[in-house]
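Asker: One structure coming up, written as structure tokens, with questions to follow.
Any read-out appearing in this document is the output of simple, stated calculations on the displayed coordinates, not a laboratory observation. Keep in mind it's a predicted model, so treat the numbers as computed, not measured. When we count neighbours, we look across all protein chains shown, and the Cβ atoms used for this are built from the backbone with ideal geometry, even at glycine.
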Amino acid sequence: MTRFAFSSQTALAAVAGFARIAATVVATQIGRVWVAYRNRRAVNELMGWDDVMLKDIGLTRGDVYRALACPSTEDPSARLVVYGIGHRGGTPAEVEDRHRRVTETVQAMLTSFDPAAAGGASPCRT
């Protein structure tokens, strides 16, 4: 019969490992919320643009309204990219393919967010 020794050092190592993982998850979420907040401010500035200027960048005022209607923790600029794809020409199949590729790219960017790569350990740096 094998006996496993469970020491206080093993417990401390387990707690430290869990704390590191939890800190990483929290830092990542804080970073995502910070990026969403910063991008929401930038998208909100588009409300001051006239319709011709919005059309020049492939958007409509309705696109901006819809993007800003998302929850405050989501990044509205990612939605604007997807909305702008629908306004480009092409067959419905081409539009659907572009929409799928852009959505996959944006999702990959959002899931791979690294606070350290975004300007340091603190996501709150300006």
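Asker: Output the residue which, of all residues in the stretch 27-68 that are over 18 Å from the mean Cα position of the chain (by Cα) and hydrophobic (A, V, I, L, M, F, W, C), is nearest to Leu80 (Cα to Cα).
Answerer: Filtering first and then ranking leaves Leu59.
Asker: Then there is this: Test Val52 against the stated conditions and say whether it is surrounded by 14 or more Cβ atoms within 10 Å (Cβ to Cβ) and among the aliphatic types (A, V, I, L, M).
Answerer: No, not satisfied.
Asker: Next question. Could you list, ordered by first residue, the pairs with Cβ atoms under 6 Å in which the first is in the stretch 57-78 and free of Cβ contacts under 8 Å to residues at least 60 places away in the same chain and of a type outside the set (Asp, Glu) and the second is surrounded by fewer than 14 Cβ atoms within 10 Å (Cβ to Cβ) and in a loop (DSSP other than H, G, I, E, B), at least 6 apart or interchain?
Answerer: The qualifying pairs are Gly58/His87.
Asker: What is the one condition in (1) within 30 Å of Val25 (Cβ to Cβ); (2) over 16 Å from the mean Cα position of the chain (by Cα); (3) of a type in the set (D, E, K, R) that Asp75 does not satisfy?
Answerer: All conditions pass for Asp75, except number (2).
Asker: Return the pair list, or none, for Cβ contacts closer than 6 Å from residues in the stretch 35-52 that are closer than 11 Å to Thr73 by Cα to residues that are surrounded by 13 or more Cβ atoms within 10 Å (Cβ to Cβ), at least 6 apart or on different chains.
Answerer: Ala36/Glu74; Ala36/Asp75; Asn39/Asp75; Asn39/Ser77; Arg40/Pro76
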